[in-house]
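Comments concern the structure below.
The values are calculated or read from the model by the stated rules, or taken from the named source; none is laboratory data. Being a predicted model, the structure only gives us computed values, none of them experimental. Please note: Cβ atoms are built from the backbone with ideal geometry, for glycine as well, and neighbour counts cover all protein chains shown.
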């Protein structure tokens, strides 16, 4: 085939695409450009050069149409969900990685040590000794609290023993008659200590009509009682 | 040039430098900066400064990527409030094609990540983790599947809800050109 005929064939082919007679993706633009490139040294006359320019213009138009089509298809997300998954299954791992590589723009960021950060670190280092001292102080405080707690525990044990003795000699006794006379703090303390004695199974509360009686022994059924103490 | 113009130019340049440092130096778990942060540090007209910075970065092959919040009403014309909630990053203008600088990924991981992203896009927020695992098992060794998915989740490429629903993470939205990925998918022929 004559080289002029070859150029004319390119023009006809691209023209058919421009006129939307054939699918714009049917032709390989790269091979057409390579062909034109190989033919270019043979072109001498102005008419031939004009023909070459025309072919190039048509190819660029085809590229424009291809881009337009792609944008349209992608804009509409031309493929259905099933089509995408079907294509995904057909692709191998290298094809997939290549596809991602063409769209991959990794974030640029850095984290580094500067003068300020180093100075802060130095300050922190110096402050560590101070911190240990504070911890020691708080540890001493903790010891004191533990001792205090032991003292309180001893007090509670004494009070519990006293209360147990009293109830041992006076039960059955009505609960309200005991706590009605007490002030708020004593009421809370009494009920708190009583809850210990009930939990240990030494005493229990039995309802007799409207009265709540403290009796000896474990309750038949486990239940809860709520007391509201006004401030 | 009058002194006033010179002063304004210098102020803008200082703001651009400040914006660039805010975007480049990681201070929290996610790099870059939010619109709120930029507004707080640069001022109300931070978008103008970001625009200038973007033009300046162009000569270095970089750009400022604005990752809009997911609930944005009109992505082509976001409101000021939506810009405030957006996240700003600096990314290369062109994709990185050399595997050597692909960060923490090898080819297999990159391919698996592509599969996860495409699958998530196809299922549009209804992708179950089991379904994704099954699909990946057809491409790579079964033992690697869970490890890869966990890696992508940790790096922020995927988001997995307590119910096991997989969706795209903040990093995918920032680093992957999803529009181009869908175009490539459309033209792919086996």
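Look through B:120, B:59 and report the one residue that is surrounded by fewer than 11 Cβ atoms within 10 Å (Cβ to Cβ), at pLDDT 90 or above and either within 20 Å of residue B:173 (Cβ to Cβ) or more than 14 Å from chain A (Cβ to nearest Cβ) (or both). When all the criteria are applied, what remains is B:59.
Just checking, how many residues over the range B:153-165 are in contact (Cβ under 8 Å) with a residue 40 or more places away in the chain and closer than 19 Å to residue B:30 by Cα?
Final tally of qualifying residues: 4.
With the condition kept exactly as written, say whether any residue in the range A:92-104 is at pLDDT below 70 and either at the interface with chain B (Cβ under 7 Å from one of its Cβ atoms) or touching a helix residue (DSSP H, G or I) at 6+ places or on another chain (Cβ under 9 Å) (or both). Checking the range A:92-104: not a single residue is at pLDDT below 70 and either at the interface with chain B (Cβ under 7 Å from one of its Cβ atoms) or touching a helix residue (DSSP H, G or I) at 6+ places or on another chain (Cβ under 9 Å) (or both). If only residues of the range B:142-190 that are outside any helix (DSSP H, G or I) and within 11 Å of chain A (Cβ to nearest Cβ) are counted, the one that is surrounded by the fewest Cβ atoms within 10 Å (Cβ to Cβ) is B:189.
Residue count for the range A:43-64 under the criterion of being crowded, with 16+ Cβ neighbours inside 10 Å and closer than 14 Å to residue A:19 by Cα: the result is 3.
Matching residues to (1) at pLDDT 90 or above; (2) more than 10 Å from chain A (Cβ to nearest Cβ); (3) assigned to a loop (DSSP other than H, G, I, E, B):
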position: B:54; (1), (2), (3): yes, yes, no
position: B:63; (1), (2), (3): yes, no, no
position: B:77; (1), (2), (3): no, yes, yes
position: B:109; (1), (2), (3): yes, no, no
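Taking the range B:124-152 as the range and being closer than 14 Å to residue B:166 by Cα and without any contact (Cβ under 8 Å) to a residue 12 or more places away in the chain as the test, the residues that pass are B:124, B:134, B:150. Among the helices (runs of 4 or more DSSP H) confined to the range A:8-97, the ones with at least 3 residues that are farther than 29 Å from residue B:178 by Cα are located at A:29-39, A:46-75.
Every residue, every condition in (1) modelled with pLDDT under 80; (2) within 51 Å of the chain's Cα centre (by Cα), yes or no:
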residue: A:19; (1), (2): yes, no
residue: A:23; (1), (2): yes, yes
residue: A:32; (1), (2): no, no
residue: A:45; (1), (2): no, no
residue: A:51; (1), (2): no, no
residue: A:58; (1), (2): no, no
residue: A:80; (1), (2): yes, yes
